[in-house]
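Take a look at the structure below.
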Amino acid sequence: MKEKGIMDHVGETRDIIDGLHNAQSQGVEGCAIMYACSMLRCDDPGAIEWHVDGLVPSNYVTIIAGDGGTGKSTLALELLYCVVTGTPFFGHDVRQSNALYVDFELHKEEQLSRWLQLLKGKGTDAYGDIFDGVKVTYVRPLSSLSDSTLIEELLTYAEMADAELVIIDSLTIGLGGDANRQDEVINAMRNIEKLPTVVALDHVSKKQGERGSKLKGSTPHGSIFKRNFARSLLMLGRADGGGTILRHEKSNFGRNANTIFYEAVYDEDPRGPIRLEQRKISDEVMAGSIDHLSSDEVTLMAVHDIYAVKQDSVTKDEILRWRAEVGAEIAGRTLDNALGRLLKANQLIKVATGLWKPIDADCTAHNNTALGTVHRANATSTGLPIFDVGTRVKTPDGDGTIADGTLSNEGRYAVRLDSSAQYEVTYYWPYQLLFPDEGSPQ
């Protein structure tokens, strides 16, 4: 039989392409190393799905990078707990699923010990009822992520455990090679893309890991292709006050999520419970956090926070005051430029001249970096504390009584302090006021 020539193959390929365009999208029969589909008469694949809303896209790679000692593994275990139990992760909804923890760095005993300490902080243990029907599998690889055999075994484990989330700790150690070599990084990243939803922990470049370095503009250690392959990138760093900052540096499927501030609270007993507790940027442990953020991020944070309290448009003067209170003063003209950039980036809405709203104007205090306090007495309504005349409140200057139940034109409440003259009032922003049974106001 005469051997086929190149034009014979071209003719067959044309027949396949014509068939694709006359039918619904489908794989090409007989092709083992490629997939083709028609981009005409095709169905909408639908919106992106999230394993952690806004942070971890399903069936893609997310990287969480930070210097040694910033608590990457502890944060990963917190994420693991939230996903397998269906608990929101710092206010972000999760898609509940089983999970694999792939550990290249620590011994099994050390990682399990840390996991049990975290569970103690949740008031449970590995036998808790909350884990009924849940599978959480620990894996200690004996090969590198560049080894296709390892990836096949991880896929097998994932299928056996019905695991939809794979946490890799850590990416640089797991490479088993030079993180600066593009070919080695590309090979490993293509391999882990074959796994289900991946959250890979990683180290930062030496420059970013130096003491005093900031998170803005930081990047994972080694080749830029780590960052390029990741569809979501989160950078982890320490605040001067000892708290931790989780900054969303990159998202391929939408706007970066708001920066998360939290504190790892340890027990006096080295084997005692560990708790990760969300904090406000104004808390003492978060001192110095502003330095890790860009000026536009701080401005956006201010709009979100003020709106969460007012539930109404935010003025330029309010933003300037907010920034001054957190030690991030800015000139009025510079703020105008920042607001313009945020508007262009589709992160703010300009309601009218000098009036602004977040693009997601349904923001709430739990999922944005609120400086102020949403009062518990009204938490199920607007989030804005509605005081009656005569209500007793705590202020930064002492106890007092609400003199006028409506907000002033500037959005403040009139309070008659116990220490003031009979008809003298002082005006306070809503987040500066607390009910008598609450703690100290900010």
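The values are calculated or read from the model by the stated rules, or taken from the named source; none is laboratory data. On a predicted model such as this, the values are computed, not experimentally measured, just so you know. Here the Cβ is made from the backbone with ideal geometry for all residues, glycine too, and neighbour counts use every protein chain on show.
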Consider region 180-207. How many of its residues are surrounded by fewer than 22 Cβ atoms within 10 Å (Cβ to Cβ) and either modelled with pLDDT under 95 or farther than 25 Å from residue 133 by Cα (or both)? 16
Kindly establish whether residue 357 is outside any loop (DSSP other than H, G, I, E, B), modelled with pLDDT of 80 or more, in contact with a Pro (Cβ under 7 Å, 6 or more places away or on another chain) and not assigned by TED's automatic domain parsing to the domain that holds residue 54. no
When you scan region 144-179, how many residues do you find that are surrounded by 14 or more Cβ atoms within 10 Å (Cβ to Cβ) and polar (S, T, N, Q)? 4
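Could you run through region 282-320 and say how many residues are closer than 27 Å to residue 244 by Cβ and assigned to a helix (DSSP H, G or I)?
23
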Taking region 68-83 and keeping residues in contact (Cβ under 8 Å) with a residue 60 or more places away in the chain and crowded, with 16+ Cβ neighbours inside 10 Å leaves 70, 71, 72, 73, 74, 75, 76, 78, 79, 80, 83
Since residue 270 meets every condition but one in (1) farther than 25 Å from residue 80 by Cα; (2) at pLDDT below 90; (3) over 18 Å from the mean Cα position of the chain (by Cα), which condition does it not meet? (1)
Residues in region 326-352 that are over 25 Å from residue 251 (Cβ atoms), assigned to a loop (DSSP other than H, G, I, E, B) and touching a residue at least 12 places away in the same chain (Cβ under 8 Å) total 2
Residue tally, condition within 38 Å of the chain's Cα centre (by Cα), at pLDDT 80 or above and more than 21 Å from residue 319 (Cα to Cα), over region 403-414: 0
Looking only at region 284-296, filter to residues that are at pLDDT 85 or above and of a type in the set (D, E, K, R); which one of those is nearest to residue 255 (Cα to Cα)? 296
Keeping to region 157-179, report how many residues are farther than 30 Å from residue 133 by Cα, within 27 Å of the chain's Cα centre (by Cα) and part of a loop (DSSP other than H, G, I, E, B). 1
Can you name the number of the only condition in (1) part of a loop (DSSP other than H, G, I, E, B); (2) at pLDDT below 85 that residue 11 fails? (1)
Residue list for region 215-250, restricted to those being over 14 Å from the mean Cα position of the chain (by Cα) and in a strand (DSSP E or B): 220, 238
Inside region 241-290, can you point out the residues that are loosely packed, with under 15 Cβ neighbours inside 10 Å and farther than 20 Å from residue 93 by Cα? 241, 242, 265, 266, 267, 268, 269, 270, 271, 272, 284
Pairs, first on the phi > 0 side of the Ramachandran plot in region 265-290, second assigned to a loop (DSSP other than H, G, I, E, B), C-beta under 8 Å, six or more apart: 288/239; 288/240; 288/241
Reported set for region 251-279 where residues are in contact with a Gly (Cβ under 8 Å, 6 or more places away or on another chain), among the small types (Gly, Ala, Ser) and either over 26 Å from residue 290 (Cα atoms) or in a strand (DSSP E or B) (or both) is 251, 264
Considering region 33-68, residues that are assigned by TED's automatic domain parsing to the domain that holds residue 246 and among the polar types (S, T, N, Q), and then whichever is nearest to residue 173 (Cα to Cα), we arrive at 62
Note down all Cβ pairs under 8 Å where the first residue falls in region 233-253 and is under 15 Å from residue 52 (Cα atoms), the second is outside any loop (DSSP other than H, G, I, E, B) and of a type in the set (Phe, Trp, Tyr), and they're at least six residues apart or on different chains. 246/261; 246/262
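For region 86-108, what are the residues that are under 19 Å from residue 49 (Cα atoms) and either out of contact with any Lys or Arg (no Cβ under 9 Å at 6 or more places or on another chain) or free of Cβ contacts under 8 Å to residues at least 12 places away in the same chain (or both)?
86, 87, 88, 89, 90, 91, 92, 93, 94, 95, 96, 97
Consider residue 102 carefully, then state whether it is at pLDDT 95 or above, under 26 Å from residue 225 (Cα atoms), surrounded by 21 or more Cβ atoms within 10 Å (Cβ to Cβ) and within 17 Å of the chain's Cα centre (by Cα).
Taking the combined requirement at face value, the residue does not satisfy it.
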